[in-house]
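First the structure, then my questions, so here it is.
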Amino acid sequence: MDDAGWRTRAHPADNDHDARCAFASGRRPLNLKQEQTNLMQNNQCTPRTDWLELGQEVLNIEIEGLQAVRDRLNGPFVDAVTLLAECKGRVVVTGLGKSGLVGRKLAATFSSTGTPSFFLHPVEGAHGDLGMIRSEDVVLAISNSGETDELNAVLPTMRSLGVSIVCMTGKPESTMGKLSDVVLNTAVPREACPLDLAPTASTTAVLAVGDALAVCLIHWKSFTADDFRKYHPGGALGQRLSLRVNSLMHTGVPHDEDTVTIRQALETLDKGTLGAVVLTDSGKKLTGIITDGDVRRMVCRGTMDMEAPAHTLMVRNPLHATPAQSVAELLDVMEAKGITVLPVVHDDMTLCGVIHLHDLLGKGGVKFSGR
């Protein structure tokens, strides 16, 4: 059939489903209805024209699966958390195929949040890598069917090495379930795949349960942002956690003793660009701060005596930062208190700088309000 003209055809209109099916097939539609029937019989297109609706349905199926797993969490989950938390060695995650890919992610999550872990491919394990396992380790095995031959073949050897085995499976009574000390039932009502075959909802459930284990371990071990920084020096997360106030603060900023007049303090404030003037005692120790907002409020009340001492207007003993303080931590404080500028002081309260909210925003992925 001569289809030279068809090769340069325009894309069919979005509401012309028959033509779109033919377009996708690469063949000229002599009879659109028949063409659609043929394509459907050959599994070349879907009868669904509302892709948004289909996408939402997939998410609903996965949410349904997560809810089913959540409602089923019970004692074995607590047992699994306890085993992993009290593990003196490492958490050895193993699985094959899509389960293995999820396992690699979980091993990485455990390792970066204070639980030493690595992924062991079951086939590589059967060919010598079981030597990486020690008796103080805990194995976390993943298989939706629980009947993955390559995985079940190495579990008995792992047990003989003295390790405890936790498994995540959709079939608790499976071979893998029977070889495990703790069984986490991750069964979902159905997969999102229209054939109910491709791992979709089931892998999402396993990933979520694995994350739940990791977060429980974070709480158990009182893992902190500083701990996380040690294991994650790179990228935006690492920069955000490693940045310290002394790398962003303004030094040498104008300041006054709190005995100067309000007029003098406002002249100093006007010389700067931070919207505040810091006040100290004669020993340069922080005693207060006057901001643009303080001045506006006093003017509105009509009670400001320009010749009065600055300490009568200043905010006494204001919140302050320290040079070694984490930028991420400080941003939390400034956001919670609605503060835009803070003095920075040494341990003895002597002034060493000022930091403004604008200095923090956008640094290392740090963002204001829901960063």
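Only residues that are surrounded by fewer than 18 Cβ atoms within 10 Å (Cβ to Cβ), among the small types (Gly, Ala, Ser) and touching a helix residue (DSSP H, G or I) at 6+ places or on another chain (Cβ under 9 Å): list them for the range 57-77, please.
Across the range 57-77, the qualifying residue is only 68.
Going by the structure shown, is residue 275 in the same structural domain as residue 314 (by TED's automatic domain parsing), in contact with a helix residue (DSSP H, G or I) (Cβ under 7 Å, 6 or more places away or on another chain) and on the phi > 0 side of the Ramachandran plot?
Numbers: in the same structural domain as residue 314 (by TED's automatic domain parsing): yes; in contact with a helix residue (DSSP H, G or I) (Cβ under 7 Å, 6 or more places away or on another chain): yes; on the phi > 0 side of the Ramachandran plot: yes.
Considered against the rule, which asks whether it is in the same structural domain as residue 314 (by TED's automatic domain parsing), in contact with a helix residue (DSSP H, G or I) (Cβ under 7 Å, 6 or more places away or on another chain) and on the phi > 0 side of the Ramachandran plot, residue 275 comes out as yes.
Going by what's in this entry, would residue 369 be described as assigned to a loop (DSSP other than H, G, I, E, B) and modelled with pLDDT of 85 or more?
On the way: assigned to a loop (DSSP other than H, G, I, E, B): yes; modelled with pLDDT of 85 or more: no.
No, not satisfied.
Consider residue 94 carefully, then state whether it is buried (at least 18 other Cβ atoms within 10 Å of the Cβ), out of contact with any Pro (no Cβ under 8 Å at 6 or more places or on another chain) and outside any loop (DSSP other than H, G, I, E, B). Step through it out loud before you land on a result.
Details: buried (at least 18 other Cβ atoms within 10 Å of the Cβ): yes; out of contact with any Pro (no Cβ under 8 Å at 6 or more places or on another chain): no; outside any loop (DSSP other than H, G, I, E, B): yes.
The answer is no for residue 94.
Turning to a different aspect of this structure: Just checking: which of the helices (runs of 4 or more DSSP H) contained wholly in the range 260-363 hold 2 or more residues that are closer than 23 Å to residue 242 by Cβ? Give the steps one after another, and end with the answer.
Numbers: elements: 262-271, 292-301, 327-337, 357-360.
Filter on the range 260-363 gives 327-337, 357-360.
Quick test for you: out of 155, 106, 130, 140, pick the one residue that is under 27 Å from residue 227 (Cβ atoms), of a type outside the set (D, E, K, R) and either part of a helix (DSSP H, G or I) or at pLDDT below 95 (or both).
Values: 155 fails: under 27 Å from residue 227 (Cβ atoms); 130 fails: under 27 Å from residue 227 (Cβ atoms); 140 fails: either part of a helix (DSSP H, G or I) or at pLDDT below 95 (or both).
None of the others qualify; the one that does is 106.
Here's another thing I want to ask about it. Quickly run through the range 109-127 and pick out the residues that are within 25 Å of the chain's Cα centre (by Cα), farther than 10 Å from residue 94 by Cβ and part of a loop (DSSP other than H, G, I, E, B).
113, 114, 115, 116
Here are some conditions: (1) within 21 Å of residue 226 (Cα to Cα); (2) out of contact with any Lys or Arg (no Cβ under 6 Å at 6 or more places or on another chain). Residue 284 meets all but one. Which one does it not meet?
Failing condition for residue 284: (1).
Can I ask one more? Of all residues in the range 108-123 being in contact with a helix residue (DSSP H, G or I) (Cβ under 9 Å, 6 or more places away or on another chain) and among the hydrophobic types (A, V, I, L, M, F, W, C), which is surrounded by the fewest Cβ atoms within 10 Å (Cβ to Cβ)? So that I can check it myself, show each step before the final result.
Filtering the range 108-123 down to residues in contact with a helix residue (DSSP H, G or I) (Cβ under 9 Å, 6 or more places away or on another chain) leaves 109-123.
Subsequent filtering for residues that are among the hydrophobic types (A, V, I, L, M, F, W, C) retains 110, 118-120, 123.
Working: 110: 24, 118: 17, 119: 21, 120: 23, 123: 14.
Looking at the filtered set, the residue picked out is 123.
The values are calculated or read from the model by the stated rules, or taken from the named source; none is laboratory data. The structure presented is a predicted model; accordingly, all values stated were derived computationally and were not measured. Here Cβ is always computed from backbone atoms with ideal geometry, including for glycine, and neighbour counts include all displayed protein chains.
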